[in-house]
Amino acid sequence: MSFFKTLGLATAALALSSTASLSHFVLAYTPEVNLERAGDVPLKLIFWHPFENGHVMDMAKPQAVYMMHKDKKIDLMPSLKPIKFKGTENEASAFDASASIKRNGDYIIVVEPAPYYEESEDIYIQQLTKSFINKGGVPTGWEEPVGLATEIVPLNKPTNILAGSTFTGRVLANGKPVAGAEIEIEYMAAEPDMAKNSPKAATASPMPGGAVVALSDENGYFSFGIPKAGFWGFAALGSGPATEHEGKELSQDAVIWVRAYDVK
């Protein structure tokens, strides 16, 4: 069966989750994802509730931070600098990083964080996170998996999605599709201020009824209509193969961030 027939037969189911506490997302953020010139791009790595513009979690030093460009892996760990990010409710540990963007094409930023212990649920959480930068408008592999234990592969160019259109992704674990994955959907209502290490003014509020959720079909695909310009995050909860850390349950999640724009 073709991909398009599969999508036609298996549209992702949308629901409202009652577990709003799961709406924390790892961010690998930079405000401008479409570049015309080469240069060093600043990144902020934050573990936060961006839709709520709320509580910030302490982020330990990641296990790995790197970017992929034309199948080349570029280590970004030497650029890490610990910071404090001050949210509306609290202050917590986060990191600055830097990516040197030189040639045209796609750059996939990858963060493999250390597992985070969520005391309220007595579990560990590890969100394997991808975000994207493009230079020169040249496509060079944004649609390719990078080989994470679990990841979401975009089927729409993730740096210039049209607000009002549909985003489609595919959830993979060890390179194979994950059926029935619960994908939590998050809007970055307040983008980080790169200079102040705090949120800018919020431009949206969370939906009533809990987190917005989609389910992947039997081939790992899901779709979501993007209603508003800005950064959108998708987290496939517990989609990874690792299920335990230090004797406790581990939720190994796949996270992807995409950028949508209004048509002007």
Confirm whether LYS135 is crowded, with 16+ Cβ neighbours inside 10 Å and either touching a Ser or Thr at 6+ places or on another chain (Cβ under 7 Å) or among the basic types (Lys, Arg) (or both). yes
Can you tell me how many residues within region 220-264 are charged (D, E, K, R) and either within 13 Å of the chain's Cα centre (by Cα) or within 20 Å of VAL146 (Cβ to Cβ) (or both)? 2
In region 182-222, what count of residues is obtained for those that are crowded, with 19+ Cβ neighbours inside 10 Å, of a type in the set (Gly, Ala, Ser) and at pLDDT 95 or above? 3
Go through region 62-103 and tell me which strands (runs of 3 or more DSSP E), entirely inside it, have 2 or more residues that are of a type in the set (Gly, Ala, Ser) and more than 24 Å from ARG37 (Cβ to Cβ). 91-101
Answer yes or no: is there a residue in region 231-250 that is among the charged types (D, E, K, R), out of contact with any Phe, Trp or Tyr (no Cβ under 8 Å at 6 or more places or on another chain) and buried (at least 16 other Cβ atoms within 10 Å of the Cβ). no
Test: residue in region 49-65 that is over 18 Å from LYS196 (Cβ atoms), among the polar types (S, T, N, Q) and touching an Asp or Glu at 6+ places or on another chain (Cβ under 7 Å): yes
For TYR107, are the conditions met, namely being of a type outside the set (Lys, Arg), in contact with a strand residue (DSSP E or B) (Cβ under 7 Å, 6 or more places away or on another chain), in contact (Cβ under 8 Å) with a residue 40 or more places away in the chain and surrounded by fewer than 22 Cβ atoms within 10 Å (Cβ to Cβ)? no
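The values are calculated or read from the model by the stated rules, or taken from the named source; none is laboratory data. In this text, all values refer to a predicted model and were calculated from it rather than measured experimentally. Using ideal geometry, Cβ is built from the backbone for each residue, glycine included, and neighbour counts are taken over all protein chains shown.
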